[in-house]
Amino acid sequence: MHSTNRGRVLISGASIAGPALAYWLHRYGFATVIVERAPALRTGGQNIDVRGAGREVSRRMGIEDDIRAATTGEVGTRFIGPRGATIAEFPAGTTDSGGATAELEILRGDLAQLLVDRTETDTEYRYGDRITGIVQHDAGNGDPAGVTVHFEHAPDERFDLVIAADGIGSSTRRLVFGDEPEIRSLGLETTFGTIPRTDADDDWWRWYNAPGGRSITLRPDAHGTIRATMSIVTDRKRERAGSERRDLDAQRRHLHEAFADAGWEARRVLAGFDAADDLYAESIGQVHAPRWWDGRVALVGDAAYCASPVSGMGTSLSLTGAYVLAGELAAHVDHRDAFRGYERIMRPYVAQAQQLPPGTPRIANPKSRLGIAVFGAAVRIGATPLVGRLGERFSTPPADAIDLPDYAHLESQDRT
């Protein structure tokens, strides 16, 4: 076992960044507790990419082969025209970073399960609870500095550090930072869900556009089902990302009204969503926080710097941020120096990841039939060999744009 004399760290959120952070902190000798408001690990979710630096972190964790074994099997992206025929296709990337479909594709829930499996013997997981208050204490009167945490259900408890890893709408972040971080809407609402697979389905990510800024996508998974999305362009001036919250029945009614005449596989997806038990919707956006730490509380993953699903960088940012944050905490005696180092290393990487191509995501969700035709012509040209090679240089997410420090020498000496 590792020694755990570096202090106790409470992490809020058991998705990707939280368990990844717990993994690395334990290797450096910290004791870790993860609190998750869901009653059990949430294993749902859509296809995610493990690219570039995120993939290198997975190698250092020893889970790259596990991710490959759990791959979705997606072979690339096909754009579907108004009559249901393929108008262009882009095969999956063959490098650590390239392609709309990464070489390593895995479901969010499958990766979360993999990370929890790797950490549950060394990290205490507390499901069905959440942080409701945070009080930071300076050292004095013989008492050490620390953080007193109030929980919805559990008794108050003291920790050395608290890390918010609970997503774009982080309630933990709000307790400390208020509305200081800006959640920028990208003007797109997307509903996600799992539907039955049919004999007509294949292993391509299929993308279909309908007038009115609507799109439908179908993607394969490793469980014999299909992960579907329905997206619609919204008025970003009136919308705050993450603010659209309907109950599930209201969301289903909304989708039926919005997509009844959309064509292609709309009726099938609507019927599938009516029965789906993992349906969820979100207003797509990014988190821009002027600072990622305050005293003994820090942010990581989407809670700190969500780049949005359309960036293709969310998982890589979470894995990389967790690795760097843990490494910097191991490298410094003073947590403030560690948090400064974490920001210094990660800020440029995050800035590039959040810099989306001009017009994203509206350019891929045209409102008019003419716009759809123009977009279709553009992807046809983009799929030609020469233009495709040139385009990939400019469209591939900047997943490698960071020099990862090596913290291996800081690992606990009594690891077994």
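Values in this text are rule-based calculations from the coordinates and carry no lab data. This one's a predicted model, so the numbers in the text were calculated from it and none came from an experiment. Backbone-built Cβ (ideal geometry, glycine too); neighbour counts: all protein chains shown.
Spelling out what I want: for every residue of the range 118-128, take phi, set θ = phi - 60°, compute 6.51 cos²θ - 1.76 cosθ + 1.60 (Karplus), and round to whole Hz; glycine and proline get x.
Here the 3J(HN,Hα) series is 6, 10, 5, 7, 10, 10, 7, 9, 10, 8, x Hz.
If I take every Cα pair under 8 Å that is 6 or more residues apart in the chain, average their sequence separation and divide by the length, what percent do I get for the relative contact order?
On the way: 899 pairs, mean separation 92.2, N = 416.
Reported relative contact order: 22 percent.
Just to be sure I understand the model, the point goes 7 Å from the Cα along the line to the Cβ. What's the resulting SER171 to ARG158 distance in nm?
Modelled inter-label distance: 2.6 nm.
Arranged by the count of other C-beta atoms within 10 angstrom, fewest first, what order do ILE131, ILE363, ILE67 take?
Values: ILE131 22, ILE363 14, ILE67 19.
So the residues, fewest neighbours to most, are ILE363, ILE67, ILE131.
What does the convex hull of the Cα atoms come to per residue for the range 173-304, in Å³?
Dividing the Cα hull volume of the range 173-304 by its residue count gives 137 Å³.
Between the range 307-381 and the range 1-46, what's the alpha-carbon centroid distance in Å?
Computed from Cα coordinates, the inter-centre distance equals 23 Å.
Modelling each spin label as a point 7 Å along the Cα-to-Cβ direction, I'd like the ASP201/THR148 distance in nm, to one decimal.
Each label point lies 7 Å from its Cα, and together they span 5.2 nm.
Given H placed on each backbone N at 1.01 Å, which residues far from GLY29 in sequence or on other chains put an amide H within less than 5 Å of it?
Sorted by chain and number, the residues that satisfy this are SER412.
Compute the long axis of helix 385-395 from its Cα atoms, compare it with the longest principal axis of the Cα atoms of the chain, and write down the angle in degrees, 0 to 90, nearest 10.
Approximately 40 degrees, to the nearest 10.
With axes computed from alpha carbons, what is the tilt in degrees of helix 335-354 against the longest principal axis of the chain, rounded to the nearest 10 within 0 to 90?
For 335-354 against the chain, the angle is about 10 degrees.
I need TYR349, TYR125 ordered by Cβ neighbour count within 10 Å, fewest first. All intermediate terms of the calculation are to be shown ahead of the outcome.
Values: TYR349 25, TYR125 19.
Least crowded to most crowded, the residues run TYR125, TYR349.
What FRET efficiency, computed as 1/(1 + (r/R0)^6) with R0 = 60 Å and r the Cβ-Cβ distance, is obtained for ARG68 and ALA139, rounded to the nearest 0.05? Could you put the intermediate results ahead of the total?
Numbers: r = 47 Å, r/R0 = 0.79.
Step by step, r from the Cβ atoms, then E = 0.80.
If the only charges are +1 at each Lys and Arg Cβ and -1 at each Asp and Glu Cβ, what is the size of the charge dipole of the chain around the Cα centre, to the nearest 20 debye?
Values: 48 positive and 57 negative charges, 293 e Å.
Once rounded to the nearest 20, the dipole reads 1400 debye.
Got a sec to turn the phi values of the range 308-324 into Karplus ³J(HN,Hα) couplings, 6.51 cos²θ - 1.76 cosθ + 1.60 with θ = phi - 60°, whole Hz, x for Gly and Pro?
Taking θ as phi minus 60°, the curve returns 5, x, 6, 6, x, 10, x, 5, 5, 5, 5, 5, 5, x, 4, 5, 5 Hz for the range 308-324.
How large is the helix-only mean residue ellipticity at 222 nm for the chain, computed as the sum of -39500 (n - 2.57) over DSSP H runs with n ≥ 4, divided by its residue count, in deg cm²/dmol to the nearest 500? Could the numbers behind the result be given before it?
On the way: 12 runs with 135 residues, N = 416.
Calculated at 222 nm, the ellipticity per residue is -10000 deg cm²/dmol.
So how do VAL116, VAL374 line up by other beta-carbon neighbours within 10 Å, fewest first? Spell out each step's value before the answer.
Working: VAL116 21, VAL374 12.
Neighbour counts put them in this order, fewest first: VAL374, VAL116.
Report the full-extension gain for the segment ASP403 to LEU370: residue separation times 0.36 nm, less the Cα-Cα distance, to one decimal in nm.
Details: separation 33, 0.36 × 33 = 11.88 nm, distance 4.36 nm.
Gain in length upon complete extension: 7.5 nm.
Tell me which of LEU161, GLY146, ALA88 sits at the most positive position along the dipole axis of the range 80-203, charges placed on C-beta atoms (Lys, Arg +1; Asp, Glu -1).
So the residue we want is ALA88.
GLU120 versus ARG245, label points 7 Å from Cα toward the beta carbon: distance in nm?
Between GLU120 and ARG245, the simple spin-label model gives 2.9 nm.
So how much slack lies between ARG340 and ASP277, counting 0.36 nm per residue of separation and subtracting their Cα-Cα distance, in nm? Please list the in-between numbers first.
Working: separation 63, 0.36 × 63 = 22.68 nm, distance 4.19 nm.
This chain segment gains 18.5 nm when fully extended.
So if R0 is 45 Å, what FRET efficiency would ASP129 and VAL333 give, r being the distance between their Cβ atoms, rounded to the nearest 0.05? Display every interim value, and only then the final one.
Values: r = 31 Å, r/R0 = 0.70.
It comes out at approximately 0.90.
For the range 105-110, in order, what is each residue's ³J(HN,Hα) by Karplus, 6.51 cos²θ - 1.76 cosθ + 1.60 with θ = phi - 60°, in whole Hz (x at glycine and Pro)?
10, 8, 6, 3, x, 5
Multiplying the sequence separation of GLN113 and ALA222 by 0.36 nm and subtracting their Cα-Cα distance, what value in nm do you get?
Working: separation 109, 0.36 × 109 = 39.24 nm, distance 1.38 nm.
Full-extension gain reported as 37.9 nm.
Given an 8 Å cut-off on Cα distances and at least 6 residues of separation, report the relative contact order of the range 36-182 as a percent.
Details: 206 pairs, mean separation 32.1, N = 147.
With pairs under 8 Å counted, the relative contact order is 22 percent.
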